[in-house]
1. Could you give the nm distance between label points at residue 20 and residue 319, where each point is 7 Å from its Cα heading toward the beta carbon?
2. Can you tell me which of 122-134, 238-250 comes out highest on packing, and rank the rest after it, using the mean Cβ neighbours within 10 Å?
3. Peptides 33-45, 70-82: what's the order by average Cβ count within 10 Å, highest mean first?
4. For every helix of n ≥ 4 consecutive DSSP H residues, a contribution of -39,500 (n - 2.57) applies; sum these over the chain, divide by its total residues, and give [θ] at 222 nm rounded to the nearest 500 deg cm²/dmol.
5. Over the chain, with a Gaussian network built from C-alpha contacts below 10 Å, which listed residue (174, 11, 262) shows the highest mean-square fluctuation?
6. Mean shadow of the stretch 262-382, computed from the convex hull of its alpha carbons, in nm²?
7. Which value results when the Cα radius of gyration for the stretch 1-143 is divided by 2.2 N^0.38 Å?
8. Kindly put 212, 93 in sequence by how many other C-beta atoms sit within 10 Å of each C-beta, fewest to most.
């Protein structure tokens, strides 16, 4: 059916109608008093979501732009950094760091497994000369459905005393608690098309005081991504460059919805959807790619042993108008990923599970017990 596509991917995520309506408003001048009021309002909303009193800066760019900005604004050429790599996005930050001439030490884990906090502790404690200037971590590794133990890794970083922590929270912010101030996180990057529930186009960077102090020493090249410019402009509720005006309209609307729901309710909903989706896949008989102990609240990766994951995705999309995410790199055809991030309701989870069951029937591998996945998911959702 035309215009009926349901997104169940880790981004872009579904957008609430009120945000879509706001997005369609006529643009206003980005140097006007009216727009300054919107900047002031959204700044307060972003601080609420990040659980911080500090700076949360808005870029016209993606989550990758936010993360790159975070890296290049606090480090200098030749600085030594630890970078966690247990998936596609951990790999990306290694590449970004190397592109800017940083001395990168990679701490790896197998795809589908979490980073080991002890490996970070050992590396940081061994650095008696305090040469490590930053630790770069992907909180929710979207490519595998794994969430890393940011809180514990951050404690080891803080014990080091010198290193900053730079966090990719692109698919964790808005899905689970990322308390910037309580944990003392230095740099946190994220993007609009994820838990923020609006279309792609905005990147967000939260910066703590230790990060700002480091930024004064940074010698890496930057112009558009020079966060000092954004901080100065933000003092006047403005932007140093032309902002994505209509995305600000949508952001204000979506954040109002989130504030009405409340932080703890948002986190509980994402956890409920994580548990319901996993229970459904287990009931159907489809293996899960990430262990329950480190499964992301944003996305569930499924490894349908003996089935082409792309064939499952194709049937779910063509017959049921639901888009699931595929595997990346060596996981293509081996996993499919069910997004439950952002503007997703219990109903969406049940419909997606039912569609997957229907696809298995069409592919000649029906569940042993018809409807078992939906029943398992419903039991979690009603619990």
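Every read-out reported here was derived from the displayed coordinates using simple, explicitly stated rules and does not represent laboratory data. Nothing here was measured: the structure is a model prediction, and the numbers come from that model. Here Cβ is always computed from backbone atoms with ideal geometry, including for glycine, and neighbour counts include all displayed protein chains.
1. Each label point lies 7 Å from its Cα, and together they span 2.6 nm.
2. Packing order, densest peptide first, comes out as 238-250, 122-134.
3. Per-residue Cβ counts within 10 Å, averaged per peptide and sorted highest first, yield 70-82, 33-45.
4. Value at 222 nm, helices only, nearest 500: -13500 deg cm²/dmol.
5. Highest fluctuation of the listed residues: 262.
6. Taking a quarter of the hull surface, the average projection is 7.3 nm².
7. 1.35
8. Fewest to most other Cβ atoms nearby, the residues stand as 212, 93.
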